[in-house]
1. Give me the angle, in degrees from 0 to 90, between the Cα long axis of helix 477-489 and the longest principal axis of the Cα atoms of the chain, rounded to the nearest 10.
2. Can you give me the C-alpha center-to-center distance between the range 257-318 and the range 405-446, rounded to a whole angstrom?
3. Round to the nearest 10 and give me the degree value, 0 to 90, for the angle of helix 83-109's Cα axis relative to the longest principal axis of the chain.
4. What per residue convex hull volume, in Å³, comes out for the chain when only alpha-carbon positions are used?
5. Please compute the net charge surrounding Y225, taking Lys and Arg as +1 and Asp and Glu as -1 over other residues with Cβ under 13 Å from its Cβ.
6. Rank A484, S400, V505 by how far each Cα sits towards the positive end of the charge dipole of the range 394-532 (+1 on Lys, Arg Cβ; -1 on Asp, Glu Cβ) and give me just the farthest.
7. Quick one: angle between helix 112-124 and the longest Cα principal axis of the chain, in degrees between 0 and 90, rounded to 10, please.
8. Looking at the range 394-532 from every direction and averaging, what is the projected area of its Cα convex hull in nm²?
Amino acid sequence: MISPARRAALALAVAAAALAAHGGALANGFVWDDEAVVVGNPATRDLRALPRVLMSPDERPPYYRPLNRAAYLVDHAVFGMDPRGFHAVGLALHALASALLTLLALRLLGDAWASALAGLVLAVHPIACEAVSFVTARNNLFALAFSLAAWLAFARAVESRSRAWAALSGTAFLLGLFSKEPAAMLLPLLAGWMMLPDEVNPLAGERFMRRVRWLLPHVAALAVYLVLRGIALSGAPVPVDPAPPGITARVSALGWIVPTYLRLLVWPDALTVFHPAVGPHGALAWTSVAVAWTGLASVVAVQVRRPTMAGMLGMLWAALTFLPASGLVAIPASPVAERFAYLPLAGVALVAGDLALRAVRPGLPRLALDVAAALVFALLAVRARDRTRDWHDDVALFASAARVNPASRDAWFDLGVAQKDAGDLAGARASWTSALRLVPRDAEAHSQLGTLEAVEGHDAAAEAHLRAALAERPELDQARYNLALILEREGRTAEAMAEYAAVAVRTSRADLATKAAARVRDLAALREGDSRQ
């Protein structure tokens with residue numbers, strides 16, 4: 001029997017390891033989508049907007065994540081727009097989730113060593129860096145922390161037959177739902193727990209209906225969430241996304257998406273914000289896919305042959321929380337994104353703790369296992385600290401992405417934008433040129449290079465790039481306006497007026513339409529004055 005004091009000490013030690021591995025995030029700034037979601041978003045600046053935030057959709061409907069958005073308001077009220085405060089909250093949430101997972105593992109595994117191992121998998125694994133260091137991805141931290149709290153409270157409820165603990169579990173479940181939609185997977189997990197064989201079931205011997213009653217607070221929480229979600233999303237415009245691929249294509253893609261995540265879990269070297277959007281190429285790559293699926297099947301076979309509570313529930317949680325991001329569900333999302341692995345990582349950690357406990361054999365020196373585990377976790381923590389530095393700013397983030405995946409057009413293009421914003425125009429030119437080598441008809445890269453050439457006075461090159469951009473995407477009104485500026489500068493007044501007029505008529509940007517219409521009037525007046533002379 002593990003004493004409460006030892007449980008608390010173990011959880012605090014794992015939380016400290018989480019802070020040590022990811023603490024470098026405190027030196028980071030806002031990156032990537034943080035500018036639009038947090039820094040430049042008026043909805044994050046006024047605490048008086050809290051009631052409206054709680055009853056409105058996320059920045060991108062049909063998502064509804066009010067708790068995470070409300071947290072930004074509180075952060076701004078406390079820290080201003082200092083990124084260190086936002087990152088401190090993210091670190092605290094990650095440390096809390098790691099501690100809660102350790103306490104849950106102690107209940108499910110009953111072994112301090114294996115439970116510490118499970119907690120450390122979540123605490124120091126570098127694949128968690130995207131969720132921890134990316135402020136916009138903080139909803140994953142909230143969702144996991146509240147889900148684990150609800151899971152722990154549920155375990156306490158069925159163990160002590162306490163309705164109060166069941167209600168507390170339902171409340172934590174509701175907060176998880178308010179954080180991110182995959183938290184809903186806790187309900188089928190708990191239902192699955194009720195269906196496990198009696199030897200690993202906390203409600204062994206009870207009839208089905210008496211087991212189900214412990215889930216009533218969670219069903220009620222889900223109902224409350226769905227009602228509030230329906231009210232918040234009513235009338236909200238739904239973005240028009242490209243039609244998703246068919247179910248056959250999505251199932252086929254799963255064949256390489258799952259091994260990609262497994263490889264990053266086992267060997268987290270190629271961490272990036274822009275993973276390849278297509279499957280592997282070559283015999284060696286497909287061999288690694290086969291090895292990954294074989295390894296996964298072996299782990300499942302071990303659990304089926306000798307089921308344990310930790311192993312079965314860990315696999316179920318990993319599978320359920322991975323499902324929304326797997327590609328099987330037709331939602332607009334990247335095929336592979338490391339923040340999507342954060343919730344499933346808790347399930348993987350429980351399975352890892354269970355497998356480690358199974359590997360312990362009488363007579364095997366425990367010191368050897370301790371040394372091996374310490375070495376593995378030290379290497380993971382060092383890799384996590386290195387990965388955290390990639391999130392220091394946009395230039396560092398996208399430079400690392402281009403280094404890891406040099407075939408990524410998005411990595412090179414976004415790196416160019418970051419370099420331009422940092423004043424490195426030569427670097428921006430090189431990055432956008434690299435993007436064009438990958439996608440020669442890339443309208444955005446042509447537009448950016450055209451603007452850069454115009455700034456540096458190379459009008460002929462600027463016009464060529466801008467016309468190439470507009471040939472692919474005529475709706476790029478800023479590129480058309482910049483082209484008109486060049487034409488005006490070269491004295492090609494009629495052509496310039498035509499381009500300005502096109503912008504004034506078609507653009508949805510009021511400021512750009514006003515400027516374009518003003519240029520048309522000024523040029524028309526200038527031409528009229530010249531004709532009178």
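Values in this text are rule-based calculations from the coordinates and carry no lab data. Here the structure is a predicted model, which means the values were calculated and not measured. Please note: Cβ atoms are built from the backbone with ideal geometry, for glycine as well, and neighbour counts cover all protein chains shown.
1. The answer is roughly 30 degrees.
2. A separation of 32 Å, based on Cα centres.
3. Helix 83-109 sits roughly 30 degrees off the main axis of the chain.
4. Details: hull volume 96.0 nm³, N = 533.
Measuring per residue, one finds 180 Å³ for the Cα hull of the chain.
5. On the way: positive: R65, K180, R229; negative: E181.
For residues surrounding Y225, the net value is +2.
6. V505
7. On a 0 to 90 degree scale, this one is about 0.
8. Over every viewing direction, the Cα hull of the range 394-532 projects on average to 8.7 nm².
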